[in-house]
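Working notes, structure below.
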Amino acid sequence: MADAKVLIVDDVESNLYVAKKLMASYGMTVETAASGFEAVARFRSGSVYDMVFMDHMMPEMDGIEAAQKIRELGVNTPIIALTAGEAECSGEIFFSAGMNALLTKPINKAALEKIFADWIPAEKFDGRPGGTIAEAAVGANTGLLKRIEKIEGLSVQTGLDRVGQWDIYEKLLKLTVREFANRVRNLNDFLAKGDLHSFCIEVHGLKSALANIGAEDLSAQARNMEDASGREDAAFCISNLPRFLQGLGSLNSCLTEAFARESQNSGPLTIPPELPPVFEKLRDAFGKNDFSAIDEGMESLNALKAGGVLKEEIDKINEAVLMIDYKGAMEVMQRLLG
């Protein structure tokens with residue numbers, strides 16, 4: 001099994017989640033950064049990785065600038081550009097910034113394995129995924145699965161094909177719902193201000209998030225607006241945004257209702273005696289920014305046999321830690337322990 005350590009950089013929480021789960025299935029140690037600034041800071045603080053996956057379009061500091069700054073630090077770690085394929089430019093600007101290869105989103109497992117084989121030493125990657133990544137819908141709640149399958153414009157099969165297994169897909173749907181409100185508000189604000197550059201970055205993030213869950217038509221609409229905003233065609237964006245937001249709102253409502261019905265059947269909250277000591281270790285690790293201790297603490301937390309409401313709360317802690325939101329994770333922990 002592989003023992004490589006990789007860093008994934010992306011400003012879209014659901015993209016980080018999918019990429020982290022996929023790469024962790026190969027036995028790798030995976031860390032995430034939610035911005036170019038954070039990625040550069042990791043290297044400045046002395047963090048060492050075998051590979052970096054860098055999203056291209058991010059606000060404030062994009063992947064190209066982040067890669068250049070990392071190279072200026074004298075770091076030779078392979079940097080792989082995460083791109084949206086045909087919607088972005090040729091590979092030349094990535095290579096000139098010091099990146100080594102390109103990987104398109106949504107991530108294809110065969111393409112990912114080739115990247116690993118090409119750029120990670122053989123002793124750190126044996127080419128075999130672990131776990132049960134191919135057992136797509138195993139473990140799915142039948143009632144929830146059926147409700148989600150009925151949602152118009154959402155292909156559960158496509159989503160499962162992309163992420164590999166039900167528990168990842170379910171959490172991804174919840175993350176996507178959580179992202180909708182902020183991104184919709186941002187789209188309206190950016191377009192009202194005539195800030196097509198920021199609009200392009202925002203709709204780009206939605207495009208990939210929607211593709212990951214199998215919302216193909218909405219993802220295609222987002223791609224069209226991304227292309228239009230990239231060529232500064234504000235009229236196209238103004239004309240097409242209302243229909244896109246209507247479809248997004250409908251999907252959001254259907255998913256929210258499906259998960260709300262699931263929560264009603266979750267049962268009472270029971271705190272196992274093993275939980276407080278795990279939380280205490282995590283608090284200490286958060287305070288020290290000790291990533292190894294955080295990983296160990298999260299492994300202990302996820303090893304608990306949690307169900308119902310407790311599982312939902314632990315999922316929230318996982319999501320917060322994924323985004324390096326340690327304050328948010330501690331708020332959930334404090335709420336659980338009263």
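FYI, it's all coordinate maths here, none of it is from the lab. Here the structure is a predicted model, which is why all the values come from computation and not from measurement. All Cβ positions, even for glycine, are placed from backbone atoms using ideal geometry, and neighbour counts span all protein chains on display.
Taking the Cα centroid of the stretch 27-101 and of the stretch 215-260, what is the distance between the two, rounded to the nearest whole Å? Taking the Cα centre of each part, the stretch 27-101 and the stretch 215-260 sit 28 Å apart. When log10 I(q)/I(0) by the Debye sum over Cα atoms at q = 0.06, 0.09, 0.11, 0.12 Å⁻¹ is computed from the coordinates, the matching label among (1) -0.32, -0.66, -0.89, -1.00; (2) -0.21, -0.49, -0.75, -0.91; (3) -0.18, -0.41, -0.64, -0.78 is (2). Between Arg178 and Phe291, the contour length at 0.36 nm per residue exceeds the Cα-Cα span by 38.2 nm.
When each of the peptides 186-193, 118-125, 101-108 is scored by how many other beta carbons lie within 10 Å of its residues on average, the order from highest to lowest is 101-108, 186-193, 118-125.
So, R0 is 35 Å and r is the distance between the beta-carbons of Asn76 and Arg283; what FRET efficiency does that work out to, to 0.05? Don't skip to the answer; put the middle values down first.
Values: r = 36 Å, r/R0 = 1.03.
That pair, Asn76 with Arg283, gives E of 0.45.
Which of rounded, prolate, oblate describes the stretch 5-124, given a ≥ b ≥ c as roots of the alpha-carbon gyration tensor eigenvalues and a/c under 1.5 marking rounded, otherwise prolate only if a/b is larger than b/c? Let's see the in-between values first.
Details: a/c = 1.26, a/b = 1.09, b/c = 1.16.
Rounded, since a/c falls under 1.5.
What full-extension length gain, to one decimal in nm, is calculated for Ala260 and Lys311 as 0.36 nm per residue of separation minus the Cα-Cα distance? Write out the running numbers ahead of the final one.
Details: separation 51, 0.36 × 51 = 18.36 nm, distance 1.47 nm.
Gain in length upon complete extension: 16.9 nm.
Taking the chain as a Gaussian network, Cα atoms linked when under 10 Å apart, which of Glu72, Glu179, Glu202 shows the biggest mean-square fluctuation? Top of the fluctuation ranking is Glu72. The distance linking the stretch 171-191 with the stretch 149-164 is 19 Å (Cα centroid to Cα centroid, whole angstrom).
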